[in-house]
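*Asks:* Have a look at this one.
The values are calculated or read from the model by the stated rules, or taken from the named source; none is laboratory data. None of the values given here were measured: they were computed from a predicted structure. Note: ideal-geometry Cβ built from the backbone for every residue, glycine included; neighbour counts use all protein chains shown.
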Amino acid sequence: MSSTVQSLLSLAIDKLKLSGVPEPQRDARKLLAYVLKIGVDRIALHLQETISHLEQQKFENAVLRRTKRVPVSYILGYRDFFEHRFAVTSDVLDPRPETEHLIMEALREDFVTVLDLGTGSGCILISLLAQKSNASGLGVDQSEAALAIAQVNARAIGVAERCEFRVSNWFSNVPAFQFDLIVANPPYIHPNVMGALSPEVLHEPKCALTDHLDGLNAYRKIAMSAEKFLKPGGRLIFEIGFDQGVAVTDVLSRYFFEDILVMQDFDQRDRLAHCRRNS
Ligand SMILES: C[S@@+](CC[C@H](N)C(=O)[O-])C[C@H]1O[C@@H](n2cnc3c(N)ncnc32)[C@H](O)[C@@H]1O
């Protein structure tokens, strides 16, 4: 006899609990809703029903992946970020809600041209262009696979005409041009703390997480070369780790920047470093 939605859900929650998944109920419901192609809030209406063999297999497979601590977004294939839904795979960093602070800060002033260094899924550049219909931008990443996802997102969100993506080692393949705004959420995790991260993070590309040095190398490299690519008075905004405010300020103060500010997120932890190219 086929199992009911309720019994499949209970079994899934037990399996997720056993594997140490932090929010087993929430994740089991999300995965079930995804398989049944309904909203999470509609599950209660179907609890006594049975589902097809194929749906059951798909659900069990999704739960199995989650027990191996694959992030829910990689299983679903998307992440909602700022105002849009972004396709994500294990080739890109799963966009974090904290990064929305960078978007909000960037939008506080006008810009027409923007460069996003280490664009990954394109979530920063695409969110910015979606808000500014007269702006255009370039997203670069060292990962060709990530850029393929960014292209998909740019098309789906309707900004593909106004952005370009290029493989580049930071500025190595960026054309000689002075942008109004440069943004970057580079890999900033110190290699010594990688082992303490949640098992989910270990499914993300390593090159998106750490520089394998001291977590500050990308800031140094970007700060060193940014002057050439930024208009006088143009802004550079970095996402930073909660304990990197002083160190990143120190890096920026060695180059051509003024108005260097460290900004906090909603948890009052350092999250952004903001500065301007001197005029
Ligand atoms: C923390 S992820 C950020 C991704 C995306 N911008 C976001 O906020 O979700 C850092 C990104 O930088 C890219 N990256 C790492 N080293 C790079 C380099 N030397 N040049 C260009 N991109 C690099 C990684 O491939 C990754 O996509």
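*Asks:* If I ask for residues that are polar (S, T, N, Q) and touching a residue at least 40 places away in the same chain (Cβ under 8 Å), which ones from the stretch 194-250 would you list?
*Replies:* Hits for the stretch 194-250 are SER198, SER225, GLN244.
Here is a yes/no grid of residues against (1) more than 16 Å from the chain's Cα centre (by Cα); (2) assigned to a helix (DSSP H, G or I):
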| site | (1), (2) |
| --- | --- |
| ARG155 | yes, yes |
| ALA176 | yes, no |
| VAL183 | no, no |
| PRO187 | no, no |
| SER225 | yes, yes |
| GLY233 | yes, no |
| PHE238 | no, no |
| GLY241 | no, no |
| VAL248 | yes, yes |
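*Asks:* Which of the residues belonging to the stretch 195-223 are more than 13 Å from the ligand (Cβ to nearest atom), over 21 Å from HIS101 (Cα atoms) and in a helix (DSSP H, G or I)?
*Replies:* If the condition is that a residue be more than 13 Å from the ligand (Cβ to nearest atom), over 21 Å from HIS101 (Cα atoms) and in a helix (DSSP H, G or I), then GLY195, ALA196, LEU202, HIS203 are the ones that fit.
*Asks:* Next question. Please state which of the following conditions ASP211 fails to meet, knowing it meets all the rest: (1) within 30 Å of GLU23 (Cβ to Cβ); (2) crowded, with 18+ Cβ neighbours inside 10 Å.
*Replies:* Exception for ASP211: condition (1).
*Asks:* Name the pairs whose Cβ atoms lie under 6 Å apart, with the first residue in the stretch 154-176 and within 16 Å of the ligand (Cβ to nearest atom), the second of a type in the set (Gly, Ala, Ser) and outside any strand (DSSP E or B), and 6 or more positions between them or separate chains?
*Replies:* What qualifies is ALA154/GLY122; ALA154/ALA160; ILE157/ALA130; VAL159/ALA130; CYS163/ALA154; PHE165/ALA150; PHE171/SER225; VAL174/SER168.
*Asks:* Going by the conditions given, is ILE182 touching a helix residue (DSSP H, G or I) at 6+ places or on another chain (Cβ under 8 Å) and at pLDDT 95 or above?
*Replies:* So ILE182 fits the description; yes.
*Asks:* Here is a further query. Can you tell me how many residues in the stretch 29-83 are part of a loop (DSSP other than H, G, I, E, B), surrounded by fewer than 14 Cβ atoms within 10 Å (Cβ to Cβ) and basic (Lys, Arg)?
*Replies:* Number of matching residues: 2.
*Asks:* Which residue, of LEU31, LEU18, is within 21 Å of the chain's Cα centre (by Cα), outside the structural domain of ALA148 (by TED's automatic domain parsing), of a type in the set (A, V, I, L, M, F, W, C) and away from the ligand (no atom under 16 Å from the Cβ)?
*Replies:* Being within 21 Å of the chain's Cα centre (by Cα), outside the structural domain of ALA148 (by TED's automatic domain parsing), of a type in the set (A, V, I, L, M, F, W, C) and away from the ligand (no atom under 16 Å from the Cβ) holds for just one of LEU31, LEU18, which is LEU31.
*Asks:* Being away from the ligand (no atom under 14 Å from the Cβ), part of a loop (DSSP other than H, G, I, E, B) and not aromatic (Phe, Trp, Tyr) is the requirement here; does ASN192 meet it?
*Replies:* no
*Asks:* Any idea which residue in the stretch 255-272 is farthest from SER225 (Cα to Cα), counting only those that are modelled with pLDDT under 95 and touching a strand residue (DSSP E or B) at 6+ places or on another chain (Cβ under 8 Å)?
*Replies:* Among residues in the stretch 255-272 that are modelled with pLDDT under 95 and touching a strand residue (DSSP E or B) at 6+ places or on another chain (Cβ under 8 Å), the one farthest from SER225 (Cα to Cα) is ASP265.
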